[in-house]
1. If packing is taken as the average number of other Cβ atoms within 10 Å across a peptide's residues, how do 248-256, 475-483, 352-360, 385-393 rank, most packed first?
2. Once the principal axes of the Cα atoms of segment 350-437 are found, what is the range along each, listed largest first in whole angstroms?
3. What percent does the relative contact order of segment 186-345 come to when contacts are Cα pairs within less than 8 Å and at least six residues apart?
4. Top to bottom by accessible area (1.4 Å), largest first, where do Trp684, Trp293, Trp103, Trp114 land?
5. Using the Karplus curve 6.51 cos²θ - 1.76 cosθ + 1.60 with θ = phi - 60°, what ³J(HN,Hα) values do you get for each residue of segment 243-253, in whole Hz, with x for Gly and Pro?
6. With all protein chains present, how much of the accessible area of segment 221-364 (probe radius 1.4 Å) comes from carbon and sulfur, to the nearest whole percent?
7. Among the listed pairs Lys489/Lys630; Lys96/Lys307; Lys436/Lys603, give every one whose C-alpha distance is greater than 28 Å.
8. Please give the per residue accessible area of segment 341-404, computed with a probe of 1.4 Å over protein heavy atoms only, in Å².
Amino acid sequence: MRLSQHPGRFCHGAAHLRREQISALNRSQIRVLTTSNILWSVQKTPEPSRSTQLRTEATTLSAKKSDASANPKTPVRIESNKKKGDLLGESIVTSKEQRKADWAIMKEMAKYLWPKDDWGTKLRVGTALTLLVGAKVLNVEVPFYFKNIVDSMNIDFAAVGGTAWTVAGSMLIAYGATRIGATLFQELRNAVFASVAQKAIRKVAGNVFDHLLRLDLSFHLSRQTGGLTRAIDRGTKGISFLLTSMVFHVFPTALEISMVCGILTYQYGFQFAAITAATMVAYTAFTITTTAWRTKFRKQANAADNKGATVAVDSLINYEAVKYFNNEGYEVARYDKALKAYEDASIKVTTSLAFLNSGQNIIFSSALASMMYLAANGVATGQLTVGDLVMVNQLVFQLSVPLNFLGSVYRELRQSLLDMETLFNLQKVNVNVKEKPDAKILNLSHGGEIRFENVTFGYHPDRPILKNASFTIPAGAKFAVVGPSGCGKSTILRLLFRFYDVQEGRILIDGQDVRDVTLESLRKSIGVVPQDTPLFNDTIEHNIRYGKIDASNEEVQRAAERAHVHELIQRLPEGYKTAVGERGMMISGGEKQRLAVSRLILKDPPLLFFDEATSALDTYTEQALLQNIKSIIKEKARTSVFIAHRLRTIYDSDQILVLKDGHVVEKGTHAELLEQKGVYADLWHAQELSLAQDADLERNLEVGELEVPTAPTPTDANKPLN
Ligand SMILES: Nc1ncnc2c1ncn2[C@@H]1O[C@H](COP(=O)(O)OP(=O)(O)OP(=O)(O)O)[C@@H](O)[C@H]1O
Ligand SMILES: N[C@@H](CCC(=O)N[C@@H](CS)C(=O)NCC(=O)O)C(=O)O
């Protein structure tokens, strides 16, 4: 009765599936997606940024894992499973271990249901439990009134006279009032409990999110963000399901069964209760084993559904490729293969459901019939009335409603526990870069001298990036780091910012080891304009203000002016309120870099890092912005480090460091380095030469001296590609 009115409470599989399919197809933004009704609206994702590419490269394992997790019924286990050697998220854990993990989660949840000093929550839980018991007590009373009504009707109205009202009026009222009371109690319980469940969800999700933000960069680079948010999403839904199914289904049903057994024993003797108890045991055992067996068919159906969706979306995204190679038939066959797998699995789902329902019904109806037989015998021998027969029937029959969903509840509960385990495991991931308990606030009394002493570091132990590197960046100096791509220039910044800790040696700022100071004070002191500017999907104003959350509008505008972006912003139709799009996709690379500089100006930190901060700008804007940056640096005598490929942007630095293969190979001023005729001098001459050639080329094109390459001859075009 109750559950059939709210089947959605336990039957959210379909919604689950759709969400997972969409996440599984992260490459494209799919607006609407189902396999059976194909309503696609696919939008190609623009080129991934450098950091996204890095992320993707570094996550082969986790990508596989999240593909597997695209199947909503497949567990995604973050750390622990890797150790157990599962690549696809299916863990190889014994049932004993699993039970232990499940208990651990239940215990963790109990903390949220009965929080130590939160009397408000305790009161709510207490009230909900009282209402739960009250609703069930009322519910089992209904058959009593029914019995009394039937018994009082068992008179010869023609002989005795009277109406139904005079004979059973009060019982009829009591019957109706009890039913209404049971429903009211039940709904009140739902209302009272809602805030407990929602509070728990908010707390857990908040804690996990906070923890995620504290985790190391290395953790984030090796996980797919989509996978993480999905883990939070599914985990919190799991909490909601676990709490509500426990409070709304498992406990009340268990309570009702015990009450029914008690009443039957008390009223009619042990036999009735024994049959009820034995039936419940058989029914539960049958349901759990059958559900465990048939869950694999649902998994297969979900996997096939995902596969079908992936194939279809891939074909539609690559529509042009399909046409170029006339492969429509091939694509349809691929899609049909997935549909066939879905069809097979779905048939198994339905037939096994029929088996489950039949079995449950046979067990239940046999028990009900046996009890009816006992009661009818009682009536025949005069020990029981017809009302008793009706009461036994109704008492037991009422149990069939919640029991009919036992399998589904069991299946969803298992899934919720797995999802929650993933969520709670996220909270257990350790932070590698930790703050010492006695960490002090970074003191920049010497103007911000940065010293790397014999630093050795590699992202992987077997591939060192910096090898015994030593150098000093004097306080207030304009310092540049140059070197071939991948030699570890940006790594210097990441180590200083303590995204990673060095493996050997130490890094000092004004004589203090970065590992001895608080992370907050360290990171507050360093300002970065990174290679790839991370922008939020919000307005330009919000993105600039991110450098100083409480900055006034004037401050934001002044920062934009100094970063040479104010005029440009003003020309936009919505000015500072213009949205930048996801990852800043709606503005150009150069604009992004200038927003990053504005942000840095607002943050106004003592140590500045520019990691190819102007690489996306044209020469004129770059020069203008660099002039401005230089004046800011000079004004406050800031220590500043420029990482650059274009040597023309840094040749006037106080000191230039040349890195190669993880070693410091040269250092000095531009003039000194040119004199040394080493790596820097080679690089400088090469760049100058290339600039000169470019200038020549432009000039020649202008005067029309160069031949424009001609189109290939037909013979060339007919040559085979290999
Ligand atoms: N998180 C990471 N995990 C593993 N390897 C990494 C990671 N980040 C960078 N690397 C590798 O470390 C090396 C140095 O990287 P870094 O970003 O410091 O180079 P760079 O000198 O700044 O290069 P570029 O001039 O191209 O920006 C590169 O080979 C890079 O592939
Ligand atoms: N009696 C069964 C089925 C109950 C039922 O109908 N469940 C709904 C979901 S709440 C359903 O659609 N089940 C489909 C299925 O289990 O495949 C059980 O105990 O699980």
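The values are calculated or read from the model by the stated rules, or taken from the named source; none is laboratory data. All figures in this text were calculated on a predicted structure; none of them were measured in a lab. With ideal geometry, Cβ positions are generated from the backbone for all residues, glycine too; neighbour counts draw on all protein chains shown. The area values use the complete protein model at the heavy-atom level, side chains included, leaving out ligands, DNA and RNA. Shrake-Rupley method; radii C 1.70, N 1.55, O 1.52, S 1.80 Å.
1. Numbers: 248-256: 18.6, 475-483: 22.7, 352-360: 15.3, 385-393: 20.1.
Output ranking for 248-256, 475-483, 352-360, 385-393: 475-483, 385-393, 248-256, 352-360.
2. In descending order, the Cα extents are 83, 38, 13 Å.
3. Details: 59 pairs, mean separation 28.7, N = 160.
It comes to 18 percent, rounded to a whole number.
4. Details: Trp684 35, Trp293 110, Trp103 165, Trp114 140 Å².
Correct descending sequence by accessible area is Trp103, Trp114, Trp293, Trp684.
5. 5, 5, 5, 5, 6, 9, 10, 5, 4, x, 5
6. On the way: 4650 of 6930 Å².
Carbon and sulfur together cover 67 percent of it.
7. On the way: Lys489/Lys630 21 Å; Lys96/Lys307 33 Å; Lys436/Lys603 26 Å.
Violating the 28 Å limit, Cα to Cα: Lys96/Lys307.
8. Working: 3030 Å² over 64 residues.
Spelled out: the 1.4 Å probe surface of segment 341-404, per residue, equals 47 Å².
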